[in-house]
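See below for the structure under consideration.
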Amino acid sequence: MVIEKPRYSIIVPVYNEEGVLPELYRRLTGAMDKLDEPYEVVLVNDGSKDRSPEIMRDLHRKDPRYKLVNFSRNFGHQVAISAGMDYASGDAVVIIDADLQDPPEVILDLIAKWKEGYEVVYAVRAKRKGESFFKSFTASLFYRIIYRITDVDMPVDAGDFRLMDRKVVETMRTMREKHRFMRGLSSWVGFKQTGVEYVREERFAGATHYPFRKMLRLALDGITSFSYFPLQLATYLGFITAGLSLFGILLVIFLRLYGHQALYGQATTLVMVLFLGGVQLIFLGVIGEYLGRIYDEVKGRPLYIVSDAVGFDGDTQRKLVG
Ligand code: UDP
Ligand code: MG
């Protein structure tokens, strides 16, 4: 069988998704076959511990358009997407979750916009099904905060589900930062961008791999990658506190000169010292968040390590670190 150069690459990050892979194959193939154009699916196995790798190998044997990149361990969702972009060879590249929360049929809408000439087409979550109030609320709050405090035009309520033109993929591939917020990077590069609305479905099977702790880390990666606002906040608060203190000092001197007692007891002193101590610790933490990320960059380790790649040709196949 001669495999044509794919026009589309669909990147799917996979972490313990044995319950969804057969259905993903059915839905994704069903949608993409409608186009009658060559495509490939780059499955990135992010160190799954269940039967996902075997299932994906079988998919490749059955349908060589499905290719597989196996990581040596779990490197995280954002890194898995990045690896997919290194391995993909299509003229247009689509990123989609494995769990069918992003309906594969929407890819056809994304492609239609690309054919109109848009270079980044992101899918906007008009509605979310089957997610807790807490998750929708914190996600929605996060998108609005990051929109306010960064200079990058990041669309509100758009996740990683998007299509990118080859040009965009090539520019994004040059950015090897370790704490990656891919949707931010794909806005940062510019180009002609547009959105398509869709309804985010319930997970087909299994449970989310984004507990609160990981969601918070992703949010912090997003904010620290694109904004100095948390650092500047210390400056603003510092000026306000210093200004208020100056006023306080003058007041105390004035009261003392005219024979009144200015401040009573230790409580005031104690409360102020503790309050300022707390604020200082918080901002030490903020500096720490940035410092830790600088340290990770300086170490210059590779983004990911591949244990094996299946179905790619030549040099791509042999590439083990990225
Ligand atoms: N995923 C991954 N590595 C991880 C966590 C998740 O590759 O460490 C994949 C997962 O298999 C799925 C996608 O990233 O295809 C989104 O994850 P999930 O559905 O758990 O997140 P949610 O949709 O709940 O935010
Ligand atoms: Mg999901």
| Matching option when the condition is over 30 Å from PRO22 (Cβ atoms), in contact with a Lys or Arg (Cβ under 7 Å, 6 or more places away or on another chain) and modelled with pLDDT of 90 or more, among THR241, THR194 | THR194
| task | Could you figure out which of (1) within 19 Å of ARG203 (Cα to Cα); (2) over 17 Å from the mean Cα position of the chain (by Cα) isn't true of ILE95? | result | (2)
| query | Which of the residues belonging to the range 103-143 are of a type in the set (Phe, Trp, Tyr), in contact with a helix residue (DSSP H, G or I) (Cβ under 9 Å, 6 or more places away or on another chain) and closer than 21 Å to GLY206 by Cα? | reply | PHE134
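If we scan the range 131-139, do we find a residue that is farther than 28 Å from ASP313 by Cβ and buried (at least 22 other Cβ atoms within 10 Å of the Cβ)? It would help to see each step written out before you state the result.
So in the range 131-139, the residues farther than 28 Å from ASP313 by Cβ come out as 131-139.
Right, trim to buried (at least 22 other Cβ atoms within 10 Å of the Cβ) and you get none.
No; the residues of the range 131-139 include none that is farther than 28 Å from ASP313 by Cβ and buried (at least 22 other Cβ atoms within 10 Å of the Cβ).
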| message | Name the residue that is nearest to TYR210 (Cα to Cα), counting only residues in the range 43-61 that are within 14 Å of ligand 1 (Cβ to nearest atom) and assigned to a helix (DSSP H, G or I). | response | SER52
| Subset tally (residues that are within 14 Å of ligand 1 (Cβ to nearest atom), in contact with a strand residue (DSSP E or B) (Cβ under 7 Å, 6 or more places away or on another chain) and not polar (S, T, N, Q)) for the range 62-80 | 5
| task | Considering only residues that are assigned to a loop (DSSP other than H, G, I, E, B), within 16 Å of ligand 1 (Cβ to nearest atom) and touching a residue at least 40 places away in the same chain (Cβ under 8 Å), look in the range 154-194 and name the one that is surrounded by the most Cβ atoms within 10 Å (Cβ to Cβ). | result | PHE181
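Here is a yes/no grid of residues against (1) charged (D, E, K, R); (2) modelled with pLDDT of 95 or more; (3) more than 24 Å from the chain's Cα centre (by Cα); (4) not in a helix (DSSP H, G or I):
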position: VAL2; (1), (2), (3), (4): no, no, yes, yes
position: PRO13; (1), (2), (3), (4): no, yes, no, yes
position: PRO22; (1), (2), (3), (4): no, yes, yes, no
position: THR29; (1), (2), (3), (4): no, yes, yes, no
position: LEU35; (1), (2), (3), (4): no, no, yes, yes
position: VAL41; (1), (2), (3), (4): no, yes, no, yes
| Conditions (1) free of Cβ contacts under 8 Å to residues at least 60 places away in the same chain; (2) farther than 25 Å from TYR290 by Cβ: number failed by PHE204 | (1)
| query | Taking ASP97, is it surrounded by 17 or more Cβ atoms within 10 Å (Cβ to Cβ) and within 16 Å of ligand 2 (Cβ to nearest atom)? | reply | yes
| request: Would you mention how many residues in the range 76-89 are outside any helix (DSSP H, G or I) and either within 13 Å of ligand 2 (Cβ to nearest atom) or buried (at least 22 other Cβ atoms within 10 Å of the Cβ) (or both)? | output: 2
| remark: Residues of the range 195-217 being within 16 Å of SER136 (Cβ to Cβ) and part of a loop (DSSP other than H, G, I, E, B), in sequence order, are GLU201, GLU202, ARG203, THR208, TYR210, PRO211
| Unique match (being more than 39 Å from the chain's Cα centre (by Cα) and at pLDDT 90 or above) among LEU246, LEU263, LEU274 | LEU246
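Is there a residue in the range 105-124 that is within 11 Å of ligand 1 (Cβ to nearest atom) and either in a strand (DSSP E or B) or out of contact with any Ser or Thr (no Cβ under 8 Å at 6 or more places or on another chain) (or both)?
First pass over the range 105-124, keeping only residues within 11 Å of ligand 1 (Cβ to nearest atom): none.
No, the range 105-124 has no match at all.
The values are calculated or read from the model by the stated rules, or taken from the named source; none is laboratory data. Just so it is clear, the model here is predicted, and its values are computed rather than measured. Neighbour counts run over all protein chains shown; Cβ positions are idealised from the backbone, glycine included.
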